[in-house]
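Encoded as structure tokens, the structure appears first; notes follow it.
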Amino acid sequence: MRRIVYDGVCALCDWTVRYVLAHEITPSIRFVAIQSEEGRALAREGDIDPDAPESFLFIENGRLMKDSEALLALARQLRGPARAAPLTRLMPRFVADALYRLVACNRYRWFGRITACPVADESIEADRRRVSADSGCRRTL
């Protein structure tokens with residue numbers, strides 16, 4: 001089983017969920033908002049503060065990954081331009097993680113916030129079965 005634990009109020013994360021839904025090689029990833037009970041528990045397990053997340057989690061076969069490692073593991077599941085992400089393995093991991101954290105720490109400033117999880121959008125209605133029922137992120141900021 002594969003899961004993404006993402007920030008449900010982050011516009012960049014919303015775009016990422018939509019990109020994954022459109023480009024998965026095999027539709028098998030389940031999406032869990034970090035604001036949900038399940039997401040909060042998984043975040044804590046992955047050493048991420050669910051109230052101030054600085055990374056998303058990609059969980060594959062019980063293995064929790066974050067930062068650039070999670071991004072690369074996710075990219076292997078996708079078609080399209082994301083398939084080029086493994087090229088970042090050419091740089092040392094601490095550099096890739098630092099670049100990831102730079103974007104993560106500035107994501108609200110650069111991309112903004114949203115007031116509802118992407119599951120509220122009818123355009124991805126068919127994929128609701130893969131989104132945590134307890135989204136926990138339908139709140140206005």
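Observations, loosely collected:
- Ranking of Trp110, Trp15 by count of other Cβ atoms within 10 Å, fewest first: Trp110, Trp15
- Three-way shape label, the range 2-130, alpha-carbon gyration tensor, a/c 1.5: rounded
- A crude spin-label estimate for the pair Glu54 and Arg79, with each label 7 Å from Cα along the Cβ direction, gives 3.7 nm.
- Fewest-first ranking of Ile48, Ile34, Ile25, using other Cβ atoms within 10 Å as the exposure measure: Ile25, Ile48, Ile34
- Share, in percent, of DSSP beta bridges within the range 2-130 that are antiparallel, nearest 5: 65
- For the range 2-130, the relative contact order works out to 33 percent when only alpha carbon pairs closer than 8 Å and six or more residues apart are counted.
- Applying 0.36 nm per residue to the separation of Ala41 and Trp15 and subtracting their alpha-carbon distance, the gain on full extension is 7.0 nm.
- FRET efficiency for the pair Ala98 and Ile25, taken as 1/(1 + (r/R0)^6) with r the Cβ-Cβ distance and R0 = 41 Å, rounds to 0.90.
None of the figures in this text is laboratory data; all of them are computed from the coordinates on show. Note that the structure is a prediction, hence the values are computed from the model and not measured. Cβ: placed from backbone, ideal geometry, glycine included. Neighbour counts: every protein chain shown.
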